[in-house]
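The values are calculated or read from the model by the stated rules, or taken from the named source; none is laboratory data. Model, not experiment: these values are computed from the prediction. Note: ideal-geometry Cβ built from the backbone for every residue, glycine included; neighbour counts use all protein chains shown. SASA here: full protein model, heavy atoms, side chains in, ligands and nucleic acids out. Shrake-Rupley method; radii C 1.70, N 1.55, O 1.52, S 1.80 Å.
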Protein chains: 2
Amino acid sequence: MPYAYNGKILKVDLSTGKTSVDEFDENWYRTYWGGSCLGAWYMLNEQRPGVDPFSPENLLIFATGVPTGIPAPGFARHSIITKSAASNAIADTEAGGFFGPELKFAGYDAVVIKGKAEKPVYLWINDGKVEIRDAGALWGKSTGEAQALIREELGDRRIRVAGIGPAGENLVRFACVINELKHANGRTGTGAIMGSKNLKAIAARGHNQPPTADGKTIRDLAKWFADHCMENPANRGLRIYGTGEILAPYSKDGLLPTRNFQTSTFEHAEEISAEKMNETILVEGEGCYACAVRCKRVVKADEPFQVDPAYGGPEYETMAAFGSNCGVSDLVAVSKANELSNKYSLDTISTGSAIAFAMECYENGILSQQDCNGLDLRFGNGAAMVQMVEDIAHRRGLGDVLAEGVKRAAEKIGRGAEKFAIHWRGVEVPMHEPRVKGMLGISYATAPIGADHVVVEHDTDFDFNAPQVFMDQARSLGILCRLPTHTIDEDKLRMYYYLEQHFSFIDTLDICVFTLAPVRAYTMDQVVDLVSAATGWECSLHEIMKAGERRVNMFQAFNIREGFRGKDDWLPQRFFEPIPNGPRAGYKVDPEQFRKALRLYRRMHNWDPETAIPYRAKLVELDLAWVADELAKYTEVPE
Amino acid sequence: MPYAYNGKILKVDLSTGKTSVDEFDENWYRTYWGGSCLGAWYMLNEQRPGVDPFSPENLLIFATGVPTGIPAPGFARHSIITKSAASNAIADTEAGGFFGPELKFAGYDAVVIKGKAEKPVYLWINDGKVEIRDAGALWGKSTGEAQALIREELGDRRIRVAGIGPAGENLVRFACVINELKHANGRTGTGAIMGSKNLKAIAARGHNQPPTADGKTIRDLAKWFADHCMENPANRGLRIYGTGEILAPYSKDGLLPTRNFQTSTFEHAEEISAEKMNETILVEGEGCYACAVRCKRVVKADEPFQVDPAYGGPEYETMAAFGSNCGVSDLVAVSKANELSNKYSLDTISTGSAIAFAMECYENGILSQQDCNGLDLRFGNGAAMVQMVEDIAHRRGLGDVLAEGVKRAAEKIGRGAEKFAIHWRGVEVPMHEPRVKGMLGISYATAPIGADHVVVEHDTDFDFNAPQVFMDQARSLGILCRLPTHTIDEDKLRMYYYLEQHFSFIDTLDICVFTLAPVRAYTMDQVVDLVSAATGWECSLHEIMKAGERRVNMFQAFNIREGFRGKDDWLPQRFFEPIPNGPRAGYKVDPEQFRKALRLYRRMHNWDPETAIPYRAKLVELDLAWVADELAKYTEVPE
């Protein structure tokens, strides 16, 4: 048996009820590394282009990384890969929690689902055995209720469940998948694909951790991490405040998306800040499998809304999306919206963004109060926002329109609503301001999964703490100089190209970005050591950086096969207009500079600078000649 | 003071006699790493294009790598960089021995020489102090005599001397630079540039090893290497037989250049083999500074030639160049030719090749016995060969013609001699057969320094021992599969692209290829650890692989600026014709396949596939935007 992975991929056809197992050799695992690349391999090999995302033909892939589940902080995550109903492009989203390790302990590195069940079902994976079980009684239930019923029915309280609530069932295009009531595979609408397949949940229970090559090194590094991670101010901040630690400083520095990105500073930031959360509604911090940081929040409130602590608490993206970006200064309302999102399986970024979009339409007379389900949907109305979360999940009235995402909603509403639709490729923009973080716009415009903040969340524009740690990490990649902030220039594109590969291998291997991202605890060396210790492969940073680049290219190839081209890389118009006020008043993206940067970015990737189709040589270099051959069936792959 | 390097580069203008010091910050050293990249930096920044190689304007740079001189096996080398009088392209050549470490201990990371002394001089670098001293009494002397005279004059027997003999003085276009009588900066004719400047030698003495960041790790790894290197069959072979260990197996397998590359197996291979050397003339093995392998040979003979052990003994390249490639089966004649080459400062590969070329001309009636200084210059005539080495060094008769290199000699001789001139870009081809080693032809055709065997000496076509070690090392670069042998295909180009960077960083950092090359002792991890321990920089393989790629691109840029283009990448016609007999009868390079491979190679490099000019994006990615700007003054740099 190879190390650190099972060598078994479960395949399930929900249309026929048949299951089977794919097995690959060690080299295959060392090339694709599980996670995103494994998913992309199936999407390119076993799915034809042009499939409707909601069709039974669309694959839905749950995948762990090769090292997922080793008992060290940061290896708790899993990926979901499918074709997005929001973007019609590749969908990829990672979640922490406990589901990924449990799936691996249950005997499978990944589950590849196709088809559509005739009636609601859930999948039960129990130490290698697989059952497709009736979910009639679960349909319509919240994620929490469904999890409780599954555990009760199967008689094991330690079963881990990843599933959807009503939003997924109702094909809300930004529905997510939730595990343990609070960990979300958030972006790109994978919950809607799950719903379209009548698949309520996957339940997993396993008792067999695959053997690792060098358990001592893993234990030593896990202990090192636990002993030392709090010496890093970034991790201290995460433990004490969670990811929301950045909200108040962001506002102060003019980086905080506010009122549907109209501006970048929020006068009530203190009221929705992590500090305020700690003083008022915080119950405790929580962590993922084997993690010492415990950056997750648990909050509880009784008024003006009852907030159930079982659903955790809001992270930064959520606090900004329901808070500043909706102009809402009530942290309890924000927390309630978060609770409902987790309960119903809604992505908080897109849900908050959809409501912020509607609010701006309402304030500009494009939507009337009657259009808004009778709600006074002005910015700042927390109660209306909370109600609208309910209405989106259940597709009621305006909620049904917003459930399509802001791109389609704007098309449906018309009357100029489009200019308030802050999305790219149908994916709502995360809570980071590309007019201030210079390189983030490149990420939003080019990320194959649509507007993405994970590729390079930490633009060097933002190094609010631990800059020295950042620089040490970046130096391991060969980025030696401090770079100018708030600009797009050639040196920053160079940094971006390297960091993109860096963040991409983190996602491919399903490692937590917070344990390794340039400001966090592990050094590059330590992560390479952990991966080597897990697998017994003498890995190098060169090798796993190439895995990251492989992921970007496989995703790009998928999108090219679907018809996307360089011309589809751009930003919402708002970002080319100046921020009207606050500390960053006047900041904007220059379209000519941006166009030039996109060209340079594609050249750096060794892609055609206009079409963004990878040159065959780049695919060959990444051991992806077969991808070039696949693309060549549909389009000219430049030699 | 930064670690592991002095931060001081000595500049000497021989025309004016002025010296000065350049100082750069830590980031500069971490970007260029000393060695080849340091040299290329000066060649691009301080030399205009079109300079005649023999003009005083040509720079001649002796450079150590950042980690050179740490007390661990493999860090004993230094580079010489200049514009080659053989190729008019970049020249770069590394040598082992003791000179590199001594130069560093004497206070300088590099010496950048320009101008021309009015009369013969040598440079004396003594613990930071610099003198340009009269070399009138040394001119015309052999390398050994000159070294002895310098040590006597300066009164220190431990002075290390790198210098030239008569061949360099006489501007033989393939003259080399010799240190310690037997270590050669062999290829590309750097000794002739030294001669053109009236610079006989550089003498160095230093007592100050720059501090390292982590001496314990260096000591531990040096001890590990000493304790374990002999467990590796490749190193055992090196210690017992020297590099000549491969000669007999090469012949048996049809890989051994024979009679000017007419065929690839030599019926007398056993007689010139390392085994034969061990049985007959070997005195002892010797090593470089701090090395445990001791792969160098010392031989002694009395008849039919007296061979002085002070000049070491022949390595594989020499044994093949003077042996099989001249059809000579007398190991003593081969050893004498080697001794004379070291004494006169001649590159053995080019010298042997020039004589082999003349022999084929002679056997085909293009040269008469009279043309050949009265010698019966048929293949196999060892005495004639030895005499011709003398004649080349002293530019006597045909020797004067051959001293220009086979390209120019063939032009001068005419009468169809050109088809026997086995060179590329004016640099004679090393002793590896590109018709059998599939990827080697790509190296010969594209290497910026002209036909080069160091970039990828160990094509996977050749894995005569320790294949498992090879695979483990290659896997660290992400090359997982066994590749087909004796072909050029896409997967092998992928391997080549990675190995090219790998061998290139080895040369850039002036590490010995035999301590790290895919079949040798250190793992990739250990080399990265050594470099980190030397410098205190938390390096990664990603970072130093990029340094290797930076070197290739800086060299390529230099050549582009000189007017070279993709059309200049090709092979001597002989390699497109089949090997006529032996185990590899019928093997040849297919021109169409080769043309296609060159295109793919350039695309992989992110260079224009026709012109071979790097795209600006590639240079930017490597932190070389300034190189793109420099090139843009002379040609269009594609965006």
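With viscosity set to 0.890 mPa s and temperature to 25 °C, compute the Stokes-Einstein D of segment A:251-421, Rh being the Kirkwood radius across alpha carbon pairs; µm²/s, no decimals.
154
Give the distance, in whole Å, between the Cα centre of segment A:344-358 and the Cα centre of segment B:278-292.
One Cα centre to the other: 74 Å.
Say a label goes 7 Å from Cα toward Cβ at A:E538 in every copy; what distances in nm does this one have to the rest, shortest first?
For A:E538, the inter-copy label distances come out at 2.4 nm.
Just need log10 I(q)/I(0) for the protein assembly as shown at q = 0.05, 0.08, 0.09 Å⁻¹, Debye formula, equal scatterers on the alpha-carbon atoms, no solvent, rounded to two decimals.
-0.40, -0.89, -1.06
Could you work out the relative contact order of segment B:438-632? I mean the mean sequence separation of Cα pairs under 8 Å and 6+ apart, divided by the number of residues, in percent.
Relative contact order here is 21 percent.
Straight distance only, please: which aspartates and glutamates reach the Cα of A:K11 with their own Cα at less than 14 Å, same-chain residues fewer than 8 apart left out?
By straight Cα distance, A:K11 reaches A:D22, A:E23, A:E46, A:E57, A:D109, A:E131.
What is the packing order of peptides A:158-164, A:113-119, B:183-189, taking the mean over residues of other C-beta atoms within 10 Å and listing the highest first?
Descending mean neighbour count gives B:183-189, A:158-164, A:113-119.
Is it possible to state the helix-based mean residue ellipticity at 222 nm for chain B, with each DSSP H run of 4+ residues giving -39500 (n - 2.57), the sum divided by total residues, to the nearest 500 deg cm²/dmol? What is it?
-11000 deg cm²/dmol
Mind checking A:602-610 for the average number of partner chain beta-carbons within 10 Å of each residue's beta-carbon?
Across A:602-610, the average partner-chain Cβ count within 10 Å equals 4.
To the nearest 20 Debye, how big is the dipole of segment A:438-632 about its Cα centre, given +1 on the beta carbon of each Lys and Arg and -1 on that of each Asp and Glu?
520
Take every Cα pair under 8 Å in chain A that's 6+ residues apart, average their separations, divide by the length, and report that relative contact order as a whole percent.
Rounded, it is 15 percent for chain A.
Tally up the carbon and sulfur contribution to the accessible surface of chain A as a whole percent, 1.4 Å probe, everything protein left in place. Provide the component values of the computation, followed by the final result.
Numbers: 8970 of 19130 Å².
The C+S portion of the solvent-accessible surface of chain A is 47 percent.
Within 10 Å of each Cβ of B:543-549, how many other protein chain Cβ atoms are there on average?
4
Keeping all protein chains in position, work out how much accessible area B:T635 exposes to a 1.4 Å probe, and write it in Å² to the nearest 10.
B:T635 has an accessible surface of roughly 30 Å² with all protein chains in place.
With only alpha-carbon atoms counted, please give the Rg and Dmax of segment B:529-632, in Å.
Rg and Dmax of segment B:529-632, Cα atoms, are 18.3, 55 Å.
Just read off the accessible area of B:M319 with the full protein assembly in place, 1.4 Å probe, to the nearest 10 Å².
0
Every other copy gets compared here: list the nm distances from the B:E284 label point (7 Å along Cα to Cβ) to its counterparts, shortest first, one decimal.
Distances between equivalent label points, in nm: 7.2.
Placing a label point 7 Å from Cα toward Cβ, how far apart in nm is A:K633 from its equivalents in the other copies, listed shortest first to one decimal?
5.3
For A:K567, which lysines qualify as cross-link partners when the Cα separation must be under 16 Å and same-chain residues fewer than eight apart are set aside?
Correct list for A:K567: A:K596.
Under a 1.4 angstrom probe, counting protein chains only, how are B:T31, A:T217 ranked by accessible area, largest first?
A:T217, B:T31
What does the accessible area per residue of segment B:301-393 come to in Å², with a 1.4 Å probe and no ligands, DNA or RNA counted?
Details: 2350 Å² over 93 residues.
Ligands and nucleic acids excluded, the result is 25 Å² per residue.
Averaged per residue, what accessible surface does segment A:108-184 expose to a 1.4 Å probe, in Å²? Before the final figure, lay out the partial values.
Numbers: 2960 Å² over 77 residues.
With all protein chains present, segment A:108-184 gives 38 Å² per residue.
Using 7 Å Cα-to-Cβ label points, what is the A:T523/A:A383 separation (nm, one decimal)?
Between A:T523 and A:A383, the simple spin-label model gives 5.7 nm.
Once you keep just the Cα pairs under 8 angstrom separated by 6 or more residues, what percentage relative contact order results for segment A:9-205?
On the way: 486 pairs, mean separation 45.3, N = 197.
23 percent.
Under a Cβ-only charge scheme (Lys and Arg +1, Asp and Glu -1), can you give me the dipole magnitude of the protein assembly as shown about the Cα centre, in debye to the nearest 20?
That gives the protein assembly as shown a dipole magnitude of about 720 debye.
Distance cut-off 26 Å, Cα to Cα: go down the list A:K618/B:K252; B:K407/B:K546; A:K223/B:K223; A:K200/A:K336; A:K216/A:K296; A:K116/A:K141 and report the pairs above it.
A:K618/B:K252; B:K407/B:K546; A:K223/B:K223; A:K216/A:K296
Could you work out how far the C-alpha centroid of segment A:372-396 sits from that of segment B:186-219, in angstrom?
Cα centres, segment A:372-396 to segment B:186-219: 75 Å.
In peptide B:488-497, how many Cβ atoms from other protein chains are near each Cβ within 10 Å, on average?
Whole-number average of other-chain Cβ neighbours for B:488-497 is 3.
What helices does chain B have that are whole DSSP H segments, at least 20 Å long along their own axis by Cα, and with mean Kyte-Doolittle hydropathy of -0.5 or more?
B:348-363, B:541-561
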